[in-house]
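Remarks on the structure that follows.
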Amino acid sequence: MVQWNNPEENKNASNYFRINQHRLQLANIGLEIIKKDGTVFKVEDVKNIRQTLNMWTGEIHSQFTVDDVPVEVITYADQDKDAIGVKINSPLMQEGKISIRIRLPYPTGNWADMGNNFTDSNKHVSSVEQKKNLILFGHILDSTEYFIGFKCSSQANIKTVQQHYYLIAPVATREFEFG
């Protein structure tokens, strides 16, 4: 039987067995939408939300408005791979006001790692390379290296916002797909 003399030893011993040292959040992928006033949207700016899940196909169909302009996003997740397919349709896309946000976090090592540690930017390395409609992100964390590929339906520009934070900006199109 294992005994601990104080609560801190108890906590540290429990956490040792609960922490998954190999847990990785591959990337945080989302939208960055610029509102009419030029600011980046916040959650409270999203209105008229309708989201459905087709459990047979795995399709998530999301519809909402920002500044009363409709946005439609259809997402599929692969059952066997760390892969998704996404289709975005909106007049805001045509106006250049929607970008796909890619953030590459560093793992915390905690039991419930939420994949939102953006403070340890000097502990990992990321890169981006573009060849026509293919975008490849590289990410190195200690001895782990992996790549995230985006095959885009049309031309897009890449902007590095800061280290490990990128925007994919589709060029002059109302509808954009990537996977």
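FYI, it's all coordinate maths here, none of it is from the lab. Quick caveat: nothing in here was measured; it's all calculated off a predicted structure. Virtual Cβ from ideal backbone geometry, glycine too; neighbours counted across all protein chains shown.
Numerical summary
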| read-out | value |
| --- | --- |
| Cβ-placed point charges (K, R +1; D, E -1), dipole of the chain about Cα centre in debye, nearest 20 | 280 debye |
| Of the chymotrypsin sites (Phe, Trp or Tyr not before Pro) in segment 33-133, those whose Cβ has at most 15 other Cβ within 10 Å and which sit in DSSP loop | Trp56, Trp111, Phe118 |
| Set Lys47/Lys87; Lys97/Lys151; Lys47/Lys81; Lys87/Lys131 screened for pairs whose C-alpha atoms are more than 30 Å apart | Lys47/Lys81 |
| Cα long-axis angle, helix 7-18 against the chain (0 to 90 degrees, to the nearest 10) | 60 degrees |
| Farthest toward positive dipole pole in segment 22-178 [+1 Lys/Arg, -1 Asp/Glu at C-beta], among Tyr165, Thr108, Thr144 | Tyr165 |
| Potential extension, Asp37-Asn157 segment - 0.36 nm per residue separation minus Cα distance | 40.9 nm |
| Exposed trypsin sites (Lys or Arg not before Pro) absent: longest stretch of the chain, with sites in DSSP loops and at most 14 other Cβ within 10 Å deemed exposed | 82-131 |
| More than 22 angstrom apart: percent of Cα pairs within segment 22-178 | 47 percent |
| Total charge dipole magnitude, segment 78-179, about the Cα centre, Cβ charges on Lys, Arg, Asp, Glu only, Debye to nearest 20 | 440 debye |
| Total formal charge among the other residues, if their Cβ is under 9 angstrom from that of Asn28, Lys/Arg +1 and Asp/Glu -1 | +2 |
| Per-pair calculated FRET efficiency, R0 = 41 Å: Ser62 and Thr144 via Cβ, rounded to 0.05 | 0.85 |
